[in-house]
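Engineer: Please find one structure pasted underneath; my questions will follow.
Here, each number is a calculation from the coordinates, and none is a lab measurement. Please read all numbers here as calculations on a predicted model, not as lab measurements. All Cβ positions, even for glycine, are placed from backbone atoms using ideal geometry, and neighbour counts span all protein chains on display.
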Amino acid sequence: MVVAFLVGIEALLYSAARSRQGRARKQQFLLGTSSPTARAIPLVDTYLRQKTVKSNRLQRLIAFKLAVVCRHAVHTRSFEYLLLHLVRTASAKPRNSFNNMKRRVIL
């Protein structure tokens, strides 16, 4: 009985530690602190690299700094609200423009 109790406690401690590690790993990934480099999508990266071969040094620097700012902005709650607002306005626009087109028909 005591052995089963000890095994149960050991399993509980092991699963709690794994859960804590998983949450920490997820938080690092979401905050962008897990790796200094961005995630790669090989097919898209190759295509875009070919399209941007002739960019100069200043353009590359501007793109790099803008990407850093965007990465920091994306990991905020306000960015989520901004996306929600854009989705709501974009989904409402087609209905409004369709209704407006019906009214503007002139014979």
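Engineer: Given 0.36 nm per residue, what is the gain on full extension from Tyr14 to Gln27 after removing their alpha carbon distance, in nm?
Structural biologist: On the way: separation 13, 0.36 × 13 = 4.68 nm, distance 2.00 nm.
Result for the pair: 2.7 nm of gain on full extension.
Engineer: Let me ask another. Can you tally the net charge around Lys65? Count Lys and Arg as +1, Asp and Glu as -1, for every other residue whose Cβ sits under 13 Å from the Cβ of Lys65. Please list the in-between numbers first.
Structural biologist: Values: positive: Arg57, Arg60, Arg71; negative: none.
Overall, the nearby charge balance is +3.
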